[in-house]
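Contents: one structure, followed by commentary.
The values are calculated or read from the model by the stated rules, or taken from the named source; none is laboratory data. None of these values were measured; they are calculated from a predicted model. Cβ placement follows ideal geometry from the backbone for every residue including glycine, while neighbour counts extend to all protein chains displayed.
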Amino acid sequence: MAGLVEHGTLFVGGRFAEPVGDEVIEVVSPHSEEVVGRVPHASRADVDRAVAAARRAFDEGPWPRLPLDERIAVVTRIKDGVAARYEEIARSISAQNGSPYSFSVMGQALASTLVWEAAITVARDFPYETRRTGILGPILVRREPVGVAAAIVPWNVPQFTAAAKLAPALLAGCTAVLKPAPETPLDAYILAEIVQEAGLPEGVLSILPAGRETGEYLVGHPGVDKVSFTGSVAAGRRVMEVASRNLTRVTLELGGKSAAVLLPDADLEAAVAGIVPNAWMNNGQACVAQTRVLVPRSRYDETAEAFTAAASALVVGDPLDPATQVGPLVAHRQQRRALDYIGIGRKEGAELLTGGGRPPGLERGWYVEPTLFGGVDNGMRIAREEIFGPVVCLLPYGDEAEALRIANDSEYGLSGSVWTSDTEHGIDFARHVRTGSFNVNTFSLDMLGPFGGYKNSGLGREFGPEGYGEYLEHKTIHLPAGHGVE
């Protein structure tokens, strides 16, 4: 993305329109600390316009009443449009939030096309009506679209999370208002152009970049039937509180402090190769990052040496350089937060194995070295609190029972992994970890399986039939005795 990108309009009800207010969002590059974009900041009045358009489109418009195949055709064109512009989307995201370009291509842009595609697959095969033999007679159970959906997405993976919410909502027949984070509004304009070209009917989708206050107003809007939010635990609690005033349904995908467990028989080389990219992924700014690495004491020294070497070798630099593996954090506040936690780790007595400060030669930009602490106790703050930066902990354990206790000793339960030469044993270990997704000798996020968290990691699910069902209501139709009997 070259030069300053400016937009003077908002995408309201499928059209680019002048904003009601004059407040502006300035997008600052985390690499250069210079302004790279300006867009309008949506106001409460803009939210009112967008929700009214979505309400009309749902209550009176064609979208919820179209045959499924016609909705699939429009959503397929959206997916194809994202795929055609993936490089532009990737560069836009890297320029805004500092994601390494290689990650933005695969984990941001192209991964979002997989989300759209998987949702299409689920929608096509979903059982919208089923007949049951009830106690008092036959019944027909229907699934119908929930209504107007508010989709609030974070800055770390903006296109991926937008797709995770919009794809099932649109396919189910809902209308939607998408609120991108103020740090990353620019790629949302590309999506708006794609949606418009795909032929989505008037009113079905609005895109309103804004901060927390406008987001809270959207969540509490009486015209909204469903809220899907991805972000921090604190913000998720607030979303749930505000939505509860109208008994609005919520899906919350929140934080994580996931454990990667090396069992004593693990192939160390394979484990390092599998864990390192997913511990420092997206500069550590990923809810599923494997930031607690549990290591048997019997193999601690060799494991610490291997992880230290791998972390030290990560290439830090300009996020738009294809060679970069770790870029800058999204904002100065995030850089300060990571550095503060590094200071906390030192005070707590953890051993700093590598990193710990700003990378040499990168005095400008919000950079933090890939940092690894060893000898960490699970009671330390650096092991318990989500840092959301490039800081990873090695935690030694005695036996497997202790490893399982440590893995489960967390207020979070989003992701995790186990590394062992015995895959069946790894599967059994996975069954005992209290987390919404888990990996055995791999790291993956499959969009046909449900994704979400236990405990403070969230509420509800995204992806798969389970995530699709979050945008559908249940209706039971009672039929007269003998109906349908041949």
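So the values come out like this:
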{"read-out": "Among the candidates Arg237, Arg249, residue that is touching a Lys or Arg at 6+ places or on another chain (Cβ under 7 Å), assigned by TED's automatic domain parsing to the domain that holds Glu466 and not small (Gly, Ala, Ser)", "value": "Arg249"}
{"read-out": "Unmet requirement for Ser102, which otherwise passes all of (1) in contact with a Pro (Cβ under 8 Å, 6 or more places away or on another chain); (2) buried (at least 19 other Cβ atoms within 10 Å of the Cβ)", "value": "(2)"}
{"read-out": "Residue selected from segment 414-445 under the condition without any contact (Cβ under 8 Å) to a residue 60 or more places away in the chain and of a type in the set (S, T, N, Q), by the criterion surrounded by the fewest Cβ atoms within 10 Å (Cβ to Cβ)", "value": "Ser444"}
{"read-out": "Only listed residue being buried (at least 17 other Cβ atoms within 10 Å of the Cβ), at pLDDT 95 or above, touching a His at 6+ places or on another chain (Cβ under 6 Å) and closer than 20 Å to Ala331 by Cα, chosen from Val51, Val39", "value": "Val39"}
{"read-out": "Helices (runs of 4 or more DSSP H) fully within segment 360-477 counting 3 or more residues that are at pLDDT 95 or above and among the hydrophobic types (A, V, I, L, M, F, W, C)", "value": "400-408, 423-431"}
{"read-out": "Members of segment 23-34 found to be closer than 21 Å to Val177 by Cβ and acidic (Asp, Glu), listed by number", "value": "Glu23"}
{"read-out": "Test result for Ser43, closer than 23 Å to Ala176 by Cβ, among the hydroxyl-bearing types (Ser, Thr, Tyr), in the same structural domain as Leu170 (by TED's automatic domain parsing) and in contact with a Ser or Thr (Cβ under 7 Å, 6 or more places away or on another chain)", "value": "yes"}
{"read-out": "Test: Ser32 is surrounded by 14 or more Cβ atoms within 10 Å (Cβ to Cβ), of a type in the set (Ser, Thr, Tyr) and on the phi < 0 side of the Ramachandran plot", "value": "no"}
{"read-out": "Residue that is aliphatic (A, V, I, L, M), in contact (Cβ under 8 Å) with a residue 24 or more places away in the chain and assigned to a helix (DSSP H, G or I), where the choices are Leu166, Leu200", "value": "Leu166"}
{"read-out": "Which listed residue is at pLDDT 95 or above, under 16 Å from Gln159 (Cβ atoms), of a type outside the set (D, E, K, R) and surrounded by fewer than 20 Cβ atoms within 10 Å (Cβ to Cβ), from Ala118, Ala83, Ala109", "value": "Ala83"}
{"read-out": "Pair list, Cβ under 6 Å, 6 or more apart: segment 338-363 residue of a type outside the set (A, V, I, L, M, F, W, C), other residue loosely packed, with under 15 Cβ neighbours inside 10 Å and part of a helix (DSSP H, G or I)", "value": "Thr354/Ser312"}
{"read-out": "Matching helices (runs of 4 or more DSSP H) fully within segment 204-321 where at least 2 residues are under 30 Å from Val47 (Cβ atoms)", "value": "212-219, 233-244"}
{"read-out": "Which listed residue is more than 16 Å from Ala260 (Cβ to Cβ), outside the structural domain of Pro100 (by TED's automatic domain parsing) and without any contact (Cβ under 8 Å) to a residue 60 or more places away in the chain, from Gln335, Gln325", "value": "Gln335"}
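Matching residues to (1) of a type in the set (A, V, I, L, M, F, W, C); (2) in contact with a strand residue (DSSP E or B) (Cβ under 9 Å, 6 or more places away or on another chain):
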residue: Leu186; (1), (2): yes, yes
residue: Tyr189; (1), (2): no, yes
residue: Ala210; (1), (2): yes, yes
residue: Glu216; (1), (2): no, no
residue: Ser228; (1), (2): no, yes
residue: Ser232; (1), (2): no, no
residue: Gly236; (1), (2): no, yes
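So that you can scan it fast, the table gives a plain yes or no per residue for (1) crowded, with 23+ Cβ neighbours inside 10 Å; (2) without any contact (Cβ under 8 Å) to a residue 40 or more places away in the chain; (3) in contact with a Ser or Thr (Cβ under 8 Å, 6 or more places away or on another chain):
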{"site": "Leu171", "(1), (2), (3)": "yes, no, no"}
{"site": "Asp187", "(1), (2), (3)": "yes, no, yes"}
{"site": "Gly215", "(1), (2), (3)": "yes, no, no"}
{"site": "Met240", "(1), (2), (3)": "no, no, no"}
{"site": "Val250", "(1), (2), (3)": "no, no, yes"}
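Yes or no, residue by residue, for (1) in the same structural domain as Asn156 (by TED's automatic domain parsing); (2) aliphatic (A, V, I, L, M); (3) over 24 Å from the mean Cα position of the chain (by Cα):
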site	(1), (2), (3)
Ala266	no, yes, yes
Ala271	no, yes, yes
Ala279	no, yes, no
Arg297	no, no, yes
